[in-house]
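Undergrad: Below you'll find the structure I mean.
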Amino acid sequence: MLNKFYESLGGTSSVSVIIISVALMLIVGFLFTRVTKLLKLPNVTAYILAGIVIGPYCLDFIPATVIEGTDFISDIALAFIAFGVGEFFKFSALKKNGAKVVVITLFEALIASVFIFVLTFFILRLGFAFSLVLAALASATAPASTMMTIRQTQAKGDFVDTLLSVVALDDVVSLIAFSVAVSVALASMGGNLSAGDVLLPIVYNVVLVGVGILFGFLLKFLMKKRSTDNRLIVSIALIFAICGIGAALNVSPLLGCMAMGTVYINVSDDEKLFKQLNYFSPPILLLFFVRSGLSFRLDVLFDFSTGIGGVPLLAIGALYFIIRIAGKYAGAFVGCLTVKKPPKVRNFLGLALIPQAGVSIGLAALGARLLGGDAGSMLQTVILSSSILYELIGPACAKLSLYLSGSYGPKAEQTEEQQPVQPPDEVETLETRLLQIQEEIEKKKYARSEEEEAFMEAAYDAYGETDEDTISDYMKRKFKNRR
């Protein structure tokens, strides 16, 4: 539709075509979020739909050269997602929650993968490489819609604590499963599957994990006394470096970036860097999901004459959608039964693990590129189409599971925080009031003048502090010493 316009721009400069295409992807992706917001759907759904609409099978607004030339965006987006996953892999939290959460996560993730592999390889007789990679993708869960539902309902209790821990660890299991599956799949596509062909990519992944661990400690060292801008520059530089090393070794950067994020959060306990990257990454993630929609094979999905192994792609997608739900529910049930979780957790946890987007879409894009050909594009189409459906029913299923488990609503179980509190006696009331008066006096005593505001700005530059309370405590100590 815009081919003539792009041709006229291309005659002047191909750069203008790329810039206008990127701007169009950003604008249309944003506009579609206005629609999905009214329908209370996640932004990921809007981005994918926007890519499909402006893609080659609908309005054809984006040239094929731009779609092919922006392939690197998937690596960068996945690197940011994987680094963010590392934030939830705190060793202190794992010790607190114990091994029960790890067992539940392994069961719900891997049983879903087993169900899909049995369906695709043994029943539908699809290719081994395609079946293995699709099965690995089935283990991933999107925590965004589930966590949004928890915040909206203000649900609490053992069910919610277990759910949050499981969805945090789920992506870790998915990344590892995908890395191993891709290594085996690529080796099998070579014809002669030998131990060396399988082990070499795994060794490369282990090397990349080692690089990620090293970069995690390096990031901790480089973050000392850095301004906000420099913290962002240094962290992005290291993330991009891991992407480059992974591309050179022909392996995914996921495990390396996740290892760097895990090491950094455990040695520094600095959650602010992750929040800062979350403010920076939305345009990159938008472009990635819109581009995923651009790669959506709408023609193949509804063409019953084509498919894999004689099976129409629409049938594969529908069966994948249903069987994965069954696998997630069964895995969560068996996992909870193994660790002896109460019935309300065991019976309804699987309902909250249905959504799939984010990591799975990124892995599908990477898997499509590695597998190549029709198998790669069909793999991505199956994941994209099912992800849209999962995001449509996911929030409703999560809300239902929270209600049925008694985490909110009239049947909600009272936690320690919700138990009736005994009224304080007169002494406690007096002590509380004295503390409040003391805090008010401190605030008035240290009310900032213009000179103090200038001192604060200088302190930010001199000490690299981004936390205002830290600077304030430093000022109070200095004034106290002067007295």
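The values are calculated or read from the model by the stated rules, or taken from the named source; none is laboratory data. The shown structure was predicted, so the numbers you read here are calculated from the model rather than taken from an experiment. Quick reminder, even Gly has a Cβ in these numbers, built from the backbone with ideal geometry, and neighbours come from all protein chains shown. Quick note on the areas: whole protein, heavy atoms, side chains included, nothing else; ligands and nucleic acids left out. Shrake-Rupley method; radii C 1.70, N 1.55, O 1.52, S 1.80 Å.
Undergrad: Based on what the data block shows, is Ala79 touching a Pro at 6+ places or on another chain (Cβ under 6 Å) and open to solvent by less than 20 Å² (accessible area, probe 1.4 Å)?
TA: Details: touching a Pro at 6+ places or on another chain (Cβ under 6 Å): yes; open to solvent by less than 20 Å² (accessible area, probe 1.4 Å): yes.
In short, yes.
Undergrad: So Lys344 ticks every box in (1) closer than 27 Å to Ile54 by Cβ; (2) modelled with pLDDT under 90 but one. Which box is left unticked?
TA: With (1) closer than 27 Å to Ile54 by Cβ; (2) modelled with pLDDT under 90 applied to Lys344, the lone miss is (1).
Undergrad: Take the range 59-76 and flag every residue that is in contact (Cβ under 8 Å) with a residue 40 or more places away in the chain, hydrophobic (A, V, I, L, M, F, W, C) and exposed (fewer than 15 other Cβ atoms within 10 Å of the Cβ).
TA: Leu59
Undergrad: Of these, Gly256, Gly246, Gly212, which one is within 26 Å of Gln356 (Cβ to Cβ), open to solvent by less than 50 Å² (accessible area, probe 1.4 Å) and touching an Asp or Glu at 6+ places or on another chain (Cβ under 9 Å)? Walk me through how you get there before you give the answer.
TA: Details: Gly256 fails: touching an Asp or Glu at 6+ places or on another chain (Cβ under 9 Å); Gly212 fails: touching an Asp or Glu at 6+ places or on another chain (Cβ under 9 Å).
Going through Gly256, Gly246, Gly212 in turn, just one is within 26 Å of Gln356 (Cβ to Cβ), open to solvent by less than 50 Å² (accessible area, probe 1.4 Å) and touching an Asp or Glu at 6+ places or on another chain (Cβ under 9 Å): Gly246.
Undergrad: How many residues are over 20 Å from Ile62 (Cα atoms) and at pLDDT 85 or above when one looks only at the range 282-311? Lay out the reasoning, then the answer.
TA: The initial filter retains those residues of the range 282-311 that are over 20 Å from Ile62 (Cα atoms), namely 282, 301-311.
If we keep only those that are at pLDDT 85 or above as well, we get 282.
Total meeting the criteria: 1.
Undergrad: Across the range 338-353, which residue is farthest from Ala140 (Cα to Cα) among those that are free of Cβ contacts under 8 Å to residues at least 60 places away in the same chain and either surrounded by 22 or more Cβ atoms within 10 Å (Cβ to Cβ) or touching a helix residue (DSSP H, G or I) at 6+ places or on another chain (Cβ under 6 Å) (or both)? Even if it seems obvious, please write down each step before you answer.
TA: Kept after step one, since they are free of Cβ contacts under 8 Å to residues at least 60 places away in the same chain, are these residues of the range 338-353: 340, 343, 346-347, 351.
Still in the list and also either surrounded by 22 or more Cβ atoms within 10 Å (Cβ to Cβ) or touching a helix residue (DSSP H, G or I) at 6+ places or on another chain (Cβ under 6 Å) (or both): 346, 351.
Working: Arg346: 20, Leu351: 14 Å.
Per the criteria, the residue is Arg346.
Undergrad: What helices (runs of 4 or more DSSP H), lying completely within the range 110-189, carry at least 3 residues that are open to solvent by 10 Å² or more (accessible area, probe 1.4 Å) and closer than 17 Å to Leu349 by Cβ?
TA: Details: elements: 128-137, 143-153, 158-189.
Per the criteria, 143-153, 158-189.
Undergrad: Out of Ile354, Ile316, Ile361, which single residue is modelled with pLDDT of 85 or more and farther than 17 Å from Val160 by Cβ?
TA: Numbers: Ile354 fails: farther than 17 Å from Val160 by Cβ; Ile361 fails: modelled with pLDDT of 85 or more.
Every option except Ile316 fails the conditions.
So that you can scan it fast, the table gives a plain yes or no per residue for (1) under 22 Å from the mean Cα position of the chain (by Cα); (2) surrounded by 23 or more Cβ atoms within 10 Å (Cβ to Cβ); (3) in a helix (DSSP H, G or I); (4) not polar (S, T, N, Q):
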{"site": "Pro355", "(1), (2), (3), (4)": "yes, yes, no, yes"}
{"site": "Gly362", "(1), (2), (3), (4)": "yes, yes, yes, yes"}
{"site": "Ala375", "(1), (2), (3), (4)": "no, no, yes, yes"}
{"site": "Leu379", "(1), (2), (3), (4)": "yes, yes, yes, yes"}
{"site": "Leu384", "(1), (2), (3), (4)": "yes, yes, yes, yes"}
{"site": "Ser387", "(1), (2), (3), (4)": "yes, yes, yes, no"}
{"site": "Gly394", "(1), (2), (3), (4)": "yes, yes, yes, yes"}
{"site": "Leu400", "(1), (2), (3), (4)": "no, no, yes, yes"}
{"site": "Ser407", "(1), (2), (3), (4)": "no, yes, no, no"}
